[in-house]
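S.K.: First the structure, which I've put down as structure tokens, then a few questions once you've had a look.
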Amino acid sequence: MTLTTAKIAPPESRSHVSPGPAVRARLGSIDLLRGIVMIVMVLDHTRDFVNVNGLVGDPTNLATTTPMLFMTRWVTHYCAPIFVFLAGVGAYLQHSRGMSTRDLSRFLFTRGLWLIVLEATVIRITTWFNVDYSFLITLQVIWTLGVSMIVLAALIHLPLRVIAGLGLAMILLHNAFDGIRVMSWQGPGSPVPSLAAKLWILLHQPAEFFPVFGDGSPVVFVVYPLMPWIGVIAVGYAFGAIYTLDPARRRTLLLRTGLGLIAAFIVIRATNLYGDPRPWSPQSSVLFSVFSFVNTTKYPVSLMYLLMTIGPALLALAWFESRRPSPVEQIVTRVGRVPMFFYLWQWPLAHGLAIAVSAGAGKDIGWYFKSPPAVFAAVPANAGFDLPVVYLCWLAVLSVLIPLSLWFSRVKERNPSPWLKYL
């Protein structure tokens, strides 16, 4: 992964990172890209509830999937890495606009704690529609982002090149530890993983349940381990420095870096030597061979996954800067300015619509009110709908969610309250 920081001014001291020339105004290209990935993200969560394949199957399993189902899932792979990377870029831009290192560190720390609280309360309840806290929480992208922000709150006191180096090291090296597996928890009455095993699950071993304390205590489900997301936000923060350069040079760096990451993905992925625990292989058709090639590992995100997603994202940022946004893009840009508000509302809207559609079709809806691990066994055989219904439901959710987000973006513009920054 390439990061160009050669002409960034050195920090004034070890405890202060000079942000370079100030970036005074919001950058529409960043908000536009964020808005796009948020809208695509809703498709993934709508599919989870309406199609159900994401709950009881794997839409990227080449032995059982269809081209449309695969692409519906695969395109959403771009959401989390871009969201976390841009969170790092946004933190740097806040620094560049005049926020002191101390104030930014305090904001990142408190925002990170707030995101973890939201994951355990609002998101947990609206994802599963129950308050049975014997299942405590699904540790998804928001908890990962929260912890990453807390770590970044400490990292920003280091020189920028050190932040970039640490972030790149996490991204490049974490796949070397893929072979380390700790004991999985098999359910009530089975041995509970040790503290060290729990920490390793939180860091690197996904799709694991474990009781917080001992047998009978609330259970957590780790979907997003922390590595290498901390590295992604750190690299995003360091990369934000290119936005202090003049636009022409910035676009050149975005293009070159994006193309370099894509080339690195193609070359390294072709060898199957490193960077993803799931190797690709030729399939029965050219299309499915391509699917195998791009079917990289998300849990935890592999090096190949990040090269495949961040590279095109940088090209998109360069392209967005080179043209005047259309009216539709201006709407999406405004959505991208209120990502947390958008994220919080998409869960109850997608979940609630799935219940309404299922009830209208005369299907069992009781399982929609269960949480892991019980929900996986409770999904009835006739649950869910084909992809056309998924896409119609996605558009229906967006028809409510986008106007809500536009309203809230205007509220934030009119009200300078610092509390609104947390949404």
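The values are calculated or read from the model by the stated rules, or taken from the named source; none is laboratory data. Treat the numbers as computed from the prediction; the structure is a model and nothing was measured. In this analysis, Cβ positions are derived from the backbone assuming ideal geometry, glycine residues included, and neighbour counts consider all displayed protein chains.
S.K.: Given P191, P218, which one is out of contact with any His (no Cβ under 6 Å at 6 or more places or on another chain), without any contact (Cβ under 8 Å) to a residue 60 or more places away in the chain and not acidic (D, E)?
M.R.: Matching residue, one of P191, P218: P191.
S.K.: Right, next: Here's a check for you: in the range 322-359, which residue that is farther than 15 Å from F49 by Cα and small (G, A, S) is modelled with the lowest pLDDT?
M.R.: So the residue we want is S322.
S.K.: Kindly indicate which of V232, V267 is modelled with pLDDT of 95 or more and over 23 Å from the mean Cα position of the chain (by Cα).
M.R.: When all the criteria are applied, what remains is V267.
S.K.: Continuing with this model, one more query. Does S281 satisfy the condition of being among the small types (G, A, S), touching a Phe, Trp or Tyr at 6+ places or on another chain (Cβ under 6 Å) and surrounded by fewer than 23 Cβ atoms within 10 Å (Cβ to Cβ)? Lay out the reasoning, then the answer.
M.R.: Numbers: among the small types (G, A, S): yes; touching a Phe, Trp or Tyr at 6+ places or on another chain (Cβ under 6 Å): no; surrounded by fewer than 23 Cβ atoms within 10 Å (Cβ to Cβ): yes.
No, not satisfied.
S.K.: Another question, then. Of F342, F376, which residue is among the aromatic types (F, W, Y), buried (at least 20 other Cβ atoms within 10 Å of the Cβ) and under 24 Å from the mean Cα position of the chain (by Cα)?
M.R.: F342
S.K.: From the list I242, I262, which residue is in contact (Cβ under 8 Å) with a residue 24 or more places away in the chain and surrounded by fewer than 18 Cβ atoms within 10 Å (Cβ to Cβ)?
M.R.: I262
S.K.: From the list I156, I180, I137, I163, which residue is in contact (Cβ under 8 Å) with a residue 12 or more places away in the chain and within 24 Å of T296 (Cα to Cα)?
M.R.: I180
S.K.: Further question: S302 versus (1) under 30 Å from Q205 (Cβ atoms); (2) touching a residue at least 60 places away in the same chain (Cβ under 8 Å); (3) surrounded by fewer than 22 Cβ atoms within 10 Å (Cβ to Cβ); (4) small (G, A, S): which is the lone unmet condition?
M.R.: That leaves (3) as the condition not met.
S.K.: What number goes with the only condition from (1) among the acidic types (D, E); (2) within 26 Å of V212 (Cα to Cα); (3) at pLDDT 95 or above that D132 does not pass?
M.R.: Condition not satisfied by D132: (3).
S.K.: Which condition from (1) surrounded by fewer than 14 Cβ atoms within 10 Å (Cβ to Cβ); (2) modelled with pLDDT under 95 is the one that D103 breaks?
M.R.: Every condition holds for D103 apart from (2).
S.K.: It is to be established whether one or more residues within the range 84-106 are within 23 Å of P211 (Cα to Cα), hydrophobic (A, V, I, L, M, F, W, C) and in contact (Cβ under 8 Å) with a residue 24 or more places away in the chain.
M.R.: First, the residues of the range 84-106 that are within 23 Å of P211 (Cα to Cα): none.
Checking the range 84-106: not a single residue is within 23 Å of P211 (Cα to Cα), hydrophobic (A, V, I, L, M, F, W, C) and in contact (Cβ under 8 Å) with a residue 24 or more places away in the chain.
S.K.: Just one of F85, F70 is of a type in the set (F, W, Y) and touching a Phe, Trp or Tyr at 6+ places or on another chain (Cβ under 7 Å); which is it? Spell out the reasoning first.
M.R.: Numbers: F85 fails: touching a Phe, Trp or Tyr at 6+ places or on another chain (Cβ under 7 Å).
That would be F70, the only listed residue that is of a type in the set (F, W, Y) and touching a Phe, Trp or Tyr at 6+ places or on another chain (Cβ under 7 Å).
S.K.: Also, I was wondering about something else. Identify the residue in the range 242-291 that is in contact with a Gly (Cβ under 6 Å, 6 or more places away or on another chain) and not hydroxyl-bearing (S, T, Y) and, among all such residues, is farthest from N61 (Cα to Cα).
M.R.: First pass over the range 242-291, keeping only residues in contact with a Gly (Cβ under 6 Å, 6 or more places away or on another chain): 244, 258, 261-262, 268.
Now narrow it down to the ones that are not hydroxyl-bearing (S, T, Y): 258, 261-262, 268.
On the way: G258: 28, L261: 26, I262: 24, I268: 22 Å.
Out of the qualifying residues, it is G258.
S.K.: Does S358 count as over 26 Å from the mean Cα position of the chain (by Cα), over 23 Å from W114 (Cβ atoms) and not hydrophobic (A, V, I, L, M, F, W, C)?
M.R.: Details: over 26 Å from the mean Cα position of the chain (by Cα): yes; over 23 Å from W114 (Cβ atoms): yes; not hydrophobic (A, V, I, L, M, F, W, C): yes.
So S358 fits the description; yes.
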